[in-house]
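Below: one structure, written as structure tokens.
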Amino acid sequence: MKKIVLNCEKLETRFALLSNNRLEEYEIERFDDSPKVGSIYLGRIVNLEPSLQAAFIDIGAEKNAFLHYHDMIPGGEDLLERRAEEAEKEEHNGEQLTTRRSKRNAAQSARAAEIHSQAASLRKKKLTVNTIPEFFKPGMEILVQVVKSPLGTKGARVTTDISIPGRFLVLMPYADHIGLSTKIEDGQERTRLRKIMAELELPEGMGLICRTVGEGRKSVFFKRDLSLLLDYWHQAESAIDSRHAPLLVYSEPTLLERTVRDFMTEEIDGIEVDDPAAYKKIHDMLKRFGGLRMARKVSLYGGAEPIFDHFKIHSQLDTVYNRVVRLPGGGHICIDETEALIAIDVNSGRGRKTTEQPEFILQTNLEAAEEIARQLRLRNVGGLVVLDFIDMKSARDRDEVFKHMKKQVKSDRAKTKVTPISKLGLMEMTRQREHESVLDTVYNPCPYCGGSGRVKSALTMSVEIQRKLNTVLKNKKYRNVAIRVIMHPEVLARLKNEDSDHLRELEEKYRNTLSFRADPALHCETFRLVDPATGAEL
């Protein structure tokens, strides 16, 4: 039994997908102005970097978006063709201008001639990665779509290969291609759907993909969906004429809308939502897309207990924030997110006397593969993932674990690629990363450790303080001068107890008076040497 649970609050909306009461997918949406994946912007080229083969685009965000040259080609040809048509109109209008106005329009005519020349060159020469700098210059406006949200210090990743997903179709304005979801496997159904797609009134040069939820649907559903998608596209396309970049021209639907669009299939038995306004919105959308029978699947939760507590989701979410996740057979996995990759280690655990038996090792690795696939979805992590399974001597066992992992990630909505276990006993996989992980969304880096998970010990800080004091006291400038050392309370406790004799020796050796004070607001790896009389730093 599959159920969707939605918790709607003022600052965030939370989505949970349960399968037989087990949490399978989790997503958070917070309401801010950062670029969302799927949103379309009219951006302005800030600069081109030939060494990176990329352009940086101002889309109105805190950091400029990154646009690779390869991703400029799909919409680039259409953009330059538009500019060519505009130039021809300007050139034609320029010929009709009177002599009195010719001076005022000289710059405009020169610009039209330049664009016209570029367009003429374009018609003779194909737009490629190598020719992009010839046609695109800083200051030009370009329509782009966000394909990856800002991550850490990096801006959003964008493309001109725009696609707009609907309930049953995906519209591709710059791709002349008609396709079907690979998850629709029945041959007769694929033939029926191709016939319906071919009969749709699609503008020339555009493409469509039929989504999995379109399986078994009548043509009227596709016509309605296409009409809505074309409206979205025409609104975005008209923004090119506005010349007001940076400008958001199409916003990716909210989490509530995406829930209906992407998740609500025949496999889902029901939706529970705890907000009346959200309930009405989802009910109306389901009624419009799937009829009254589908709309009846949504229910308004009215219990006194918070909805995530009622469905025991909070207790399952604990594993999402923990480094160690336990396995049913007694083993566990350790998940470490780093800048370069996600490292996952599989351990057999303790308490089993038969840990050397191949059957037990295989069973633990199979359990780990299932849990790893689930945790990657729940944590929304991606990029390169390296898995260190328990060593298996049998090639058959290694192949079984590989096949099991491929099976587990097959249902993942993010694009995932898995490689067989290497000679070193490692499995490598990549998972498409579009958004920040759940950990990055919920947590800020620790102000003490900076995200490393480690801080210097009190002993280490005591050594550093004594080393600094030795350096300062050797300077004749500070002979017979009182010095006060300010530090974190934990470090002071170490100095007053275990290391008090060492500090007394320093005072006697250099004939200085040393005093020590604690400052709880001070970072545990920071200390200050000051003149107690003036408070000046030494």
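A few comments on the model shown:
- Residue-count net charge about L193 - beta-carbon cut-off 10 Å; Lys, Arg +1, Asp, Glu -1: +2
- Whole-number D in µm²/s for region 329-441 (Stokes-Einstein; Kirkwood sum over Cα pairs; 4 °C, 1.567 mPa s): 90
- Approximate spin-label separation A518-K456, in nm, with each point projected 7 Å along Cα-to-Cβ: 1.9
- Computed over region 209-322, Kirkwood Rh from alpha-carbon pairs, angstrom: 17.0
- By the helix-only formula, in which each DSSP H run with n ≥ 4 contributes -39500 (n - 2.57) and the sum is divided by residues, the chain has a 222 nm mean residue ellipticity of -11500 deg cm²/dmol.
- With every protein chain in place and a 1.4 angstrom probe, the accessible-area ranking of M285, M264, largest first, reads M285, M264.
- Alpha carbon convex hull of region 400-440, volume per residue in cubic angstrom: 90
- Gyration tensor (alpha-carbon) shape descriptor, region 27-70, a/c threshold 1.5: prolate
- Each Cα pair under 8 Å and six or more residues apart adds its separation to the average, and for the chain the resulting relative contact order is 12 percent.
- Label reach from D284 (point 7 Å along Cα→C-beta): in region 230-249, amide nitrogens under 19 Å belong to 232.
- Linear extension gain, N130 paired with E9, 0.36 nm per residue minus alpha-carbon span: 38.6 nm
- Computed in the context of the full set of protein chains, the accessible area of region 352-453 at 1.4 Å probe radius has 50% of its extent on carbon or sulfur.
- Accessible area of region 197-300 belonging to carbon and sulfur atoms, whole % at 1.4 Å probe: 51
- Low-density loop positions, trypsin sites (Lys or Arg not before Pro), region 132-166 - DSSP coil, at most 13 other Cβ in 10 Å: none
- Simple spin-label estimate for V481 and N497 in nanometres, 7 Å along Cα-Cβ: 3.3
- Ranked by solvent-accessible area (1.4 Å probe, protein heavy atoms only, all chains present), the residues D33, D318 order from largest to smallest as D33, D318.
- Region 442-526 - Rg and Dmax from Cα coordinates, angstrom: 14.8, 52
- Selected from G383, G270, T513, residue furthest toward positive end of dipole (the chain; charges at beta carbon): T513
- Heavy atoms of the protein chains alone define the surface here; on that basis the chain has 55 Å² accessible area per residue at 1.4 Å probe size.
- Ordering H244, M427, A536 by Cα displacement along the dipole of the chain toward the positive end leaves A536 in first place; charges were set at the Cβ atoms of Lys, Arg (+1) and Asp, Glu (-1).
- Among F31, F311, the sequence by solvent-accessible area, most first, with a 1.4 Å probe is F31, F311.
- Once the Cα-Cα distance is subtracted from the 0.36 nm per residue extended length, the E507 to N470 segment shows a gain of 12.3 nm.
- Unsatisfied cross-links (Cα-Cα over 19 Å) in the set K3/K312; K36/K406; K2/K297; K36/K312; K3/K183: K36/K406; K36/K312; K3/K183
- Taking the Cα centre of region 1-71 as origin and assigning +1 to Lys and Arg Cβ atoms and -1 to Asp and Glu Cβ atoms, the resulting dipole is close to 300 debye.
The values are calculated or read from the model by the stated rules, or taken from the named source; none is laboratory data. Bear in mind the structure is a predicted one, so any value in this text is a computation, not a measurement. Ideal geometry is used to build each Cβ from the backbone, glycine not excepted, and the neighbour counts take in all protein chains shown. Heavy atoms of the whole protein, side chains included, go into the accessibility calculation; ligands, DNA and RNA do not. Shrake-Rupley method; radii C 1.70, N 1.55, O 1.52, S 1.80 Å.
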